[in-house]
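Okay, structure first, notes after.
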Amino acid sequence: MKISLKKYAAWIPAILIAIAIFLFSSQPADESTTTSNGVIRILIDFAGKLNIVDLEHTDPDILYKILQTPIRKGAHITEFAVLNLSLLFALSFWDMKGVKWVRTAFLLTVLYACTDEFHQIFVPGRAGLIRDVLIDSIGPTVIMGSYVLVRLLKMGKKHI
């Protein structure tokens, strides 16, 4: 049985995203906070330039403190959603379809979130938290839920 090179190459995006997540998680807490703070400052400045936020009448530090947690957690949700999509892509090349396809990608993503939190136990200033695994799992949960919803809607149309 000949397995095509495409089947193996399809894993490259998932591997690269997993490496990026690992590298971000390897940053000590202070370095990670500095990176996040820089992104938040850029977003606040950009929102000011687009007149979404009136920076002349708003204290940027207060805005920054309000946005810090949602943006950091949103980044986690997004990176694990992207990992999940890349796993769905890879698994599709291995003739996996339907619920098994979505479930396998979901489980692999959540398993990676667990290993990521375990890894953070060994990083200065970081901690491995079950709460963070749950937050990381929101991304793939939304993707899996969207898949199920689309399937249900398609099935509903067949019965009309």
Query raised in the report: Within the group THR115, THR109, which residue is open to solvent by 20 Å² or more (accessible area, probe 1.4 Å) and out of contact with any Lys or Arg (no Cβ under 6 Å at 6 or more places or on another chain)?
Result: THR115
Query raised in the report: Before we move on, is SER92 touching a residue at least 12 places away in the same chain (Cβ under 8 Å), among the small types (Gly, Ala, Ser) and either open to solvent by 50 Å² or more (accessible area, probe 1.4 Å) or over 29 Å from VAL123 (Cβ atoms) (or both)?
Result: yes
Query raised in the report: Among the residues of segment 118-153 satisfying the criterion of being under 22 Å from ILE71 (Cα atoms) and of a type in the set (D, E, K, R), which is surrounded by the fewest Cβ atoms within 10 Å (Cβ to Cβ)?
Result: ARG131
Query raised in the report: Within segment 4-19, which residues are over 16 Å from THR109 (Cβ atoms) and open to solvent by 70 Å² or more (accessible area, probe 1.4 Å)?
Result: LEU5, LYS6, TYR8, ILE12
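Here is a yes/no grid of residues against (1) in contact (Cβ under 8 Å) with a residue 12 or more places away in the chain; (2) assigned to a loop (DSSP other than H, G, I, E, B):
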residue	(1), (2)
ASN84	yes, no
LEU111	no, no
ASP116	yes, no
HIS119	yes, no
PHE122	no, yes
Report summary line: Output for Cβ contacts, cut-off 9 Å, separation at least six or different chains, first residue farther than 20 Å from ARG126 by Cα and open to solvent by 30 Å² or more (accessible area, probe 1.4 Å) in segment 27-51, second part of a helix (DSSP H, G or I) and hydroxyl-bearing (Ser, Thr, Tyr), reads ARG41/TYR64
Query raised in the report: Which members of segment 52-76 meet the condition of being among the charged types (D, E, K, R) and under 28 Å from GLY125 (Cβ atoms)?
Result: ASP59, ASP61, LYS65, ARG72, LYS73
Report summary line: Of the residues in segment 58-82 that are of a type in the set (D, E, K, R) and part of a helix (DSSP H, G or I), the one that is nearest to the chain's Cα centre (by Cα) is GLU79
Query raised in the report: Can you find even one residue in segment 31-50 that is within 16 Å of PHE118 (Cα to Cα), of a type outside the set (Lys, Arg) and assigned to a loop (DSSP other than H, G, I, E, B)?
Result: no
Query - Identity of the residue in segment 1-34, in contact with a helix residue (DSSP H, G or I) (Cβ under 8 Å, 6 or more places away or on another chain) and of a type in the set (Ser, Thr, Tyr), that ends up farthest from ASP95 (Cα to Cα) - result: SER32
Query raised in the report: Of (1) open to solvent by 50 Å² or more (accessible area, probe 1.4 Å); (2) at pLDDT below 90; (3) in a helix (DSSP H, G or I), LEU55 satisfies all except one. Which?
Result: (3)
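The values are calculated or read from the model by the stated rules, or taken from the named source; none is laboratory data. Note that the coordinates shown come from a computational prediction; the quantities given were computed from them, not determined experimentally. Neighbour counts are summed over all protein chains in view; Cβ atoms, including those assigned to glycine, are modelled from backbone coordinates with ideal geometry. To get the accessible areas, we keep the full protein, side chains included, count just its heavy atoms, and leave off ligands, DNA and RNA. Shrake-Rupley method; radii C 1.70, N 1.55, O 1.52, S 1.80 Å.
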